[in-house]
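First the structure, in the form of structure tokens, and then the observations on it.
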Amino acid sequence: VFHPYSHRHKQTPSHPPPTKKKKTERERERDTHSYSSLFPPTSSLSNPNPNPNPSFNPYFLSPSFAMVNLIPKEDLQDQLEEETQMVLLGETGIDNNTTHGSKNFGINPNENPKKFAVLSCADDSEYVKKRYGGYFEVYVRMLAEEGEIWDVYRVARNEFPDDGEIDGYDGFVITGSCSDAHGNDEWITRLLSFLKTLHLLKKKVLGICFGHQILGRSLGGKVGRATSGWDIGLRTVHLSASSSKLFPNLKLSSMLNVIECHQDELFELPPEAEVIGRSNKTSIEMFRYGDHVMGIQGHPEYNKDILLHLIDRLLQKKFIEDNYAEEVRTKFVESRDPDKDAWRKLCISFLKGRL
């Protein structure tokens, strides 16, 4: 695998080092924070090679990173290993204190790879950075396939693709956030403008949670605090009757369980948009606009461990009360698992034009 940012000139004592051209700030940033990795062959999944970076081993978790929760230790370990095996991480991960980074998967230099960008709308917690390598890694594990390039832009820090870079991407994913999609922070107003541009260009855009809300707002919908309050835990989404026509090859159940964690909601869409999923808590759980825009209020990328961590964070920041935190934590641990495989197929099929 060739990766232009990881290549280094090999020097020997008999040859003087070559004269180096002074790099721009953007080139230095990409040299430092871009990296490559490969999908493992099927035979290696049962016995993956140890990660050479001792600071983050996705297969064996240090006890110092352990979090107190109600998931049995054995089940949690199995769950983390199964999800991590979807992608074999390279030697390093994205530096979560920086902005733009890149990740390549089995790229043949003679081919024109598919290219996608994650628009990260929140900073990673220390727990998620240590346990998973950051939320970018979580999204990549769910969505990336061999022969693709995935980039991350930390839009919450005003890091956006340049105008000349947009056309090079086949699709975009907007993440969740602790910010309000109905807010008017500088980066949020800039994101709204950027999403309108993507819409005009008919670029594939998938919005998750906050991404779902801000995407709906950019199209002319209305977002605000949910009148029914917080929704934290496992929720059953009822797909519309038309969804079977939209996803005929996926053979999905008409009801899919997904992890939720939000207090805002998209409560009105423009006439051109179509609601394709509802729940007994939220009237617009999923929507589509044409063939290029789809929003999902839930978190198909989450596992139980991530949500339990978020419940603890919300409690520590006093966004929720003790009794409510204990109620949703207990109920969630006792609930069935989310339909992660079905959601993954749905998201990949939409984003990559396979519906």
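Quick check on region 121-162: take the gyration tensor over C-alpha atoms, sort the square-rooted eigenvalues as a ≥ b ≥ c, and tell me if it's rounded (a/c under 1.5), prolate or oblate. Oblate is the answer for region 121-162, as a/c is 1.5 or above yet b/c matches or exceeds a/b. The fraction of accessible area contributed by carbon and sulfur in region 253-330 is 47 percent, rounded to a whole number (1.4 Å probe; ligands and nucleic acids excluded).
Provide the percentage of antiparallel DSSP beta bridges, counting only those with both residues in region 101-352; round to the nearest 5. Around 60 percent antiparallel, to the nearest 5.
Taken along its three principal axes, the alpha carbon spread of region 169-276 comes to 41, 35, 25 Å, from the longest extent down to the shortest. Calculated accessible area for region 262-355 comes out at 45 Å² per residue, all protein chains present (probe 1.4 Å; ligands, DNA, RNA ignored). Measuring nothing but protein heavy atoms, the accessible surface of region 146-188 at 1.4 Å probe radius is 36 percent carbon and sulfur.
Rolling a 1.4 Å probe over the heavy atoms of the protein chains gives region 111-153 an accessible area of 30 Å² per residue.
By the equivalent-ellipsoid construction on the alpha carbon gyration tensor, region 101-352 comes out with semi-axes of 26, 21, 20 Å, ordered largest to smallest.
Of all DSSP beta bridges confined to region 122-262, the antiparallel ones make up roughly 65%.
The chymotrypsin sites (Phe, Trp or Tyr not before Pro) of region 267-355 meeting both criteria, a DSSP state outside H, G, I, E and B (loop) and at most 16 other C-beta atoms within 10 angstrom of the site's C-beta, are Phe319. For region 205-254, the solvent-accessible area works out to 41 Å² per residue, with a probe of 1.4 Å and every protein chain left in place.
The values are calculated or read from the model by the stated rules, or taken from the named source; none is laboratory data. Keep in mind that what you see is a predicted model, and the values were worked out from it rather than measured. Positions of Cβ are generated from backbone atoms using ideal geometry, with glycine treated the same way; all protein chains shown enter the neighbour counts. Calculation scope for accessible area: heavy atoms of the full protein, side chains included, ligands and nucleic acids excluded. Shrake-Rupley method; radii C 1.70, N 1.55, O 1.52, S 1.80 Å.
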